[in-house]
Amino acid sequence: MSTQDSPIDSDQDRPPLALIAGPTASGKSDLAVRLALAIKAQGRAAVVINADSAQVYADLAVLSARPAPEEMQGVPHRLFGTWDGTTACSAADWAKAARNEIAAAHADGAVPILVGGTGLYLRTLLDGIAPVPPIDAGVRLYARRLTLEEARAALQREDPEAAARLNPNDTTRIVRALEVACSTGRTLAEWQAAKVGGIGASVDLHAAVLLPERAWLYERCDRRFELMLERGAIAEVEALLARQLDPALPVMRAIGVPEISTFLRGECSCAELVERGAQATRNYAKRQYTWFRNQPPAEWRRIESHNVDPEAYFASLLQH
């Protein structure tokens, strides 16, 4: 995710963009609101923009831990519950909407604050997306009928660099690289080198990644899932199931939905539901934690405390 300076403009010449990222239950939403209030205290406006792939769906108010109106404390929030569950929100879809919201905030003289834990969303927004054309249907059918061994061998012929780079057991990425090479005549790496639409070079980015102590984070994950059940998560999944949506849709695969669905089918007890839901949440937080520790640029500040003072960690933004 690029944060390199533009060759023409200094950071101060670009409009500001705050970013608060990290795993689920790390306190991102609360910090975003407190930062917005600190900006407001200076006489400027701020807008919180969602960057979480579950919180985009209207159907997941409880299970995505979407901020309640009282938690927003009067701060405008955008892209929360914007998509209906029948429509999958891709990283490109979200990035397009986020660009529009960021531009609108800047036009109003407000500071946009991105908050969320979906690294792919953030990477697509800041770095852009590879303009890979649609894959030929015949190529897709061919690639997906291959065994893993056959796909690896085909990829070795079509894109040996990808074959050497990818995990030999990563079927999804191997097939994707093969589809792109066979359908377009160019390797996936070549397409990715030509990314378009990223805004990273046009904003003054103030990024923080929350990485609190793991034991504290996992305890929060456990309490969060129990609280979700108390606040109506089961009814939320019942409503989803009543819509008879495609099980492959992202909204049906969100953390908590498969676990509660199993409970509603009578395949586990309430106690088992609590444990399975908490475990799924911890597993997700662990994956996010690892990603955000290693993948974002080194200049994105890693914050290991769970007691974060926005005025200290975003001093340069607040001094503008």
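A short reminder: the numbers here are calculations on the coordinates, not readings from a lab. Just so you know, these numbers come straight off a predicted model, no measurement behind them. When we count neighbours, we look across all protein chains shown, and the Cβ atoms used for this are built from the backbone with ideal geometry, even at glycine.
Remarks
- Close amide-amide hydrogen proximity is noted between residue 118 and 53, each under 5 Å apart and 5 or more residues distant or on a separate chain (H modeled in the peptide plane; Pro and chain starts excluded).
- Unit Cα scatterers, Debye sum, the chain: log10 I(q)/I(0) for q = 0.09, 0.14 Å⁻¹: -0.53, -1.20
- For residue 302, the amide hydrogen comes within under 5 Å of the amide hydrogens of 209, counting only partners 5 or more places away or on other chains and with H modelled in the peptide plane.
- Between residue 226 and residue 136, full extension at 0.36 nm per residue minus the direct alpha carbon distance yields a gain of 27.8 nm.
- Linear extension gain, residue 245 paired with residue 264, 0.36 nm per residue minus alpha-carbon span: 5.2 nm
- Shape call, region 44-108: gyration tensor on alpha carbons, a/c limit 1.5: oblate
- Hydrodynamic analysis of region 21-177 uses the Kirkwood radius over alpha carbon pairs. Inserted into Stokes-Einstein at 20 °C and 1.002 mPa s, it gives a translational diffusion coefficient of 118 µm²/s.
- Computed from the C-beta positions of residue 272 and residue 30, the FRET efficiency with R₀ = 22 Å rounds to 0.10.
- Multiplying each eigenvalue of the alpha-carbon gyration tensor of region 242-320 by 5 and taking the square root yields semi-axes of 37, 15, 13 Å, largest first, rounded to whole angstroms.
- Shape of region 136-244, Cα gyration tensor, a/c cut at 1.5: prolate
- Region 193-308 - Kirkwood radius from inverse mean 1/r over Cα pairs (Å): 16.8 Å
- Listed by number, the DSSP H helices of the chain that run 18 Å or longer by alpha-carbon position along their axis and have mean Kyte hydropathy of at least -0.5 are 28-41, 91-107, 171-184.
- In this structure, the amide hydrogen of residue 46, modeled 1.01 Å from its nitrogen in the peptide plane, lies closer than 5 angstrom to those of 111, counting only residues at least 5 positions away or on a different chain.
- Protection proxy ranking, peptides 313-320, 26-33, average beta carbon neighbours within 10 Å, highest first: 26-33, 313-320
- In loop segments of region 245-294 as defined by DSSP, the trypsin sites (Lys or Arg not before Pro) with at most 10 further C-beta atoms inside 10 Å of their C-beta are 265.
- Cα gyration tensor category, rounded, prolate or oblate, for region 137-192 with a/c compared to 1.5: oblate
- Within straight-line cross-link reach of residue 96, lysines at Cα separation under 27 Å, skipping those fewer than 8 residues along the same chain: 28, 40, 195
- Relative contact order of region 137-192, taken over Cα pairs closer than 8 Å and 6 or more residues apart, is 34 percent.
- Separation of the residue 120 and residue 88 label points, Cα + 7 Å toward Cβ, nm: 0.9 nm
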